[in-house]
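Have a look at the structure below before the remarks.
The values are calculated or read from the model by the stated rules, or taken from the named source; none is laboratory data. Since the model is a prediction, treat every value here as computed from it, not as a measurement. Please note: Cβ atoms are built from the backbone with ideal geometry, for glycine as well, and neighbour counts cover all protein chains shown. These accessible areas exclude ligands, DNA and RNA; they are computed on the full protein's heavy atoms, side chains included. Shrake-Rupley method; radii C 1.70, N 1.55, O 1.52, S 1.80 Å.
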Amino acid sequence: MSKPLDYFTYQAQNLTTSGADLSQIAEEYGTPAYVYSEAGLLEPVRGLTQGLTGWDPLICYAVKSSSNVTLLRRLAEAGAGMDIVSGGELYRCGKAGVPGRKIVFSGVGKTRTEIAEALQFGPNGIYSFHVESGPELEAIGEVAHAMGKRAPIAFRYNPNIAIKSHPYISTGLRKDKFGLPEKELLALVEKFRDHPGLYFKGVSIHIGSQILTLAPLRDAFARTIDLVAKLDARLPEPVTYVDVGGGLGITYKNEKHPKISEYCALIKKSFGKLRKSRNLQIVMEPGRLISGNAGLLLSRVLYRKPGHGKDFLIVDAAMNDLIRPSLYESHHEIVPVRKKPGTKQTTFDVVGPVCESGDFIAQNRKLPDSLQAGDLVAILSAGAYGFSMASNYNSRPRACEVLIADTGRPQLIRRRETYDELIAPEL
Ligand SMILES: *Cc1c(COP(=O)(O)O)cnc(C)c1O
């Protein structure tokens, strides 16, 4: 369903999206450039909505996966809410016109300032805070009470379930910093249920990212349902929402991943009974599923440097633009933007100009032998955790971002940074 080239296709040897020729995009906006397909961004939202027809799910896009305000606005126009992890992301939501009632606030370290901002967010504050610890719950209660408000709360439950993924993106194990184990969580309910600044609404989970099988989610959902019964027994009113988290995986190379329809069917099967007992709101927090294969990173080959047994393809995109290969050893397919005749392949390390040996986009990668300086390549599946993780390391201005509409019309949604902007905050 979500593959690297789902929304980018070759037309007469040229890579395109919605009819727009990516060579022309590179000419017009320069490289490196993040290019997003609007169709690709919106299709998963539609899929989730359709898969849960009649359930009216609140689909809260994980802003951290790709945070450009224009992307957020398009998603909000399509009905999506947002899952945020900082005041900065909340600010972006404000600029994108997302109403507070569609925002959930996740993350282990919400500051008092951020909590106050979320309580004041228009028109009536956010949908819910996902609480990760006792001290944080206390802080939220205090801030809300001091403001004469009651903060809507859900506990982030850590069901202690392993997923097969990179250890940096597992979040649902006891050893991870995220969520609360059942015993602690229930003790907090007992302690805080009568707090005048708090209002207990639901429970959330998020066990990790790039999840490729439904089994761990099935287990996590079952444990969540058990927990809801225990919460109901301790709270003045039954829990009204369950947030099933995000984490559904996509194809980067050749991984098989669950279909959106199968995922939705699992949610319906798991929570159907619970939903009969109350007006249950299902909240979801997909990030990568929405943005991952909707974006690519366009880059130009600077030099081809002969190496020991393989050549280095030195490109103008680097780890500061896309850190996933260096950080998670993740795989991104790389394809030429213009296919040349001849099929001979050779082994390359595709690297950037940053002064780190860890600066690589791909190692030991078979690519067309014809690639040379000046050619354009597309680094695929870069829409999620690409630009949003970019930095200025090596004093490199961050790339531009371009959104291609359904009609093929390109829109520059973030211009390339300038040298002046690199040093602007320095005193
Ligand atoms: C990062 C994150 C997500 C999104 O994860 P994906 O793997 O991109 O779907 C959802 N919920 C929370 C709490 C997160 O931290």
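Observations on the structure shown:
- Enumerated strands (runs of 3 or more DSSP E) restricted to the stretch 56-105, each holding at least 1 residues that are among the acidic types (Asp, Glu) and either surrounded by fewer than 21 Cβ atoms within 10 Å (Cβ to Cβ) or within 14 Å of the ligand (Cβ to nearest atom) (or both): 81-84
- Only one of ILE267, ILE290, ILE282 that is under 15 Å from LEU214 (Cα atoms), within 16 Å of the ligand (Cβ to nearest atom) and open to solvent by less than 10 Å² (accessible area, probe 1.4 Å): ILE267
- Residue within the stretch 210-221 that is within 20 Å of VAL104 (Cβ to Cβ), within 16 Å of the ligand (Cβ to nearest atom) and of a type in the set (S, T, N, Q) present: no
- Sole exception among (1) out of contact with any strand residue (DSSP E or B) (no Cβ under 7 Å at 6 or more places or on another chain); (2) within 16 Å of the ligand (Cβ to nearest atom); (3) among the hydroxyl-bearing types (Ser, Thr, Tyr) for THR111, by number: (2)
- Matching residues, the stretch 196-222, being open to solvent by 40 Å² or more (accessible area, probe 1.4 Å) and out of contact with any Asp or Glu (no Cβ under 8 Å at 6 or more places or on another chain): PRO196, TYR199, THR213, ALA215, ARG218, ASP219, ALA222
- Some residue of the stretch 223-234 being open to solvent by less than 10 Å² (accessible area, probe 1.4 Å) and either part of a loop (DSSP other than H, G, I, E, B) or within 16 Å of the ligand (Cβ to nearest atom) (or both): yes
- Listing of strands (runs of 3 or more DSSP E) fully contained in the stretch 320-406 that carry 1 or more residues being without any contact (Cβ under 8 Å) to a residue 24 or more places away in the chain: 360-368
- Residue that is surrounded by the most Cβ atoms within 10 Å (Cβ to Cβ), among those in the stretch 379-396 that are in contact with a Pro (Cβ under 8 Å, 6 or more places away or on another chain) and more than 12 Å from MET319 (Cβ to Cβ): SER381
- Of the residues LEU198, LEU173, LEU186, the single one that is modelled with pLDDT under 95 and more than 25 Å from LEU52 (Cβ to Cβ) is LEU173.
- Filter result (touching a Lys or Arg at 6+ places or on another chain (Cβ under 9 Å), open to solvent by 20 Å² or more (accessible area, probe 1.4 Å) and in a helix (DSSP H, G or I)) within the stretch 106-130: GLN120
- Residues of the stretch 22-70 satisfying the condition of being touching a Cys at 6+ places or on another chain (Cβ under 6 Å) and closer than 17 Å to GLY408 by Cα: TYR29, ALA33
- Residue within the stretch 252-267 that is touching a His at 6+ places or on another chain (Cβ under 9 Å) and closer than 22 Å to ALA26 by Cβ present: no
- Against the conditions (1) assigned to a loop (DSSP other than H, G, I, E, B); (2) open to solvent by 30 Å² or more (accessible area, probe 1.4 Å), SER2 satisfies every one except (2).
- For first residues located in the stretch 19-38 and at positive phi, partners that are open to solvent by 30 Å² or more (accessible area, probe 1.4 Å) and lie 6+ apart or on another chain with Cβ distances below 7 Å form the pairs GLY30/ARG416.
- Residues of the stretch 384-416 satisfying the condition of being within 16 Å of the ligand (Cβ to nearest atom), within 13 Å of LEU71 (Cα to Cα) and out of contact with any helix residue (DSSP H, G or I) (no Cβ under 7 Å at 6 or more places or on another chain): PHE387
- Checked against the criterion of being touching a Ser or Thr at 6+ places or on another chain (Cβ under 6 Å) and among the charged types (D, E, K, R), the stretch 350-361 has no qualifying residue.
- Scope the stretch 123-145; condition under 24 Å from the mean Cα position of the chain (by Cα) and within 22 Å of GLY81 (Cα to Cα); matching residues: GLY125, ILE126, TYR127, SER128, PHE129, HIS130, VAL131, GLU132
- Selection within the stretch 293-335: residues that are over 25 Å from the mean Cα position of the chain (by Cα) and of a type in the set (D, E, K, R). The member of this set that is most open to solvent (accessible area, probe 1.4 Å) is LYS305.
- VAL242 vs. criteria within 16 Å of the ligand (Cβ to nearest atom) and over 19 Å from the mean Cα position of the chain (by Cα): yes
- The stretch 136-156, subset more than 19 Å from THR171 (Cβ to Cβ) and not hydrophobic (A, V, I, L, M, F, W, C), residue most open to solvent (accessible area, probe 1.4 Å): ARG150
- Of the residues examined, ARG218 is not one that is more than 21 Å from the chain's Cα centre (by Cα), among the charged types (D, E, K, R) and over 16 Å from GLY172 (Cβ atoms).
- Filter pass, GLN372 being in contact with a strand residue (DSSP E or B) (Cβ under 6 Å, 6 or more places away or on another chain), within 17 Å of ALA317 (Cα to Cα), open to solvent by 60 Å² or more (accessible area, probe 1.4 Å) and of a type outside the set (Val, Ile, Thr): yes
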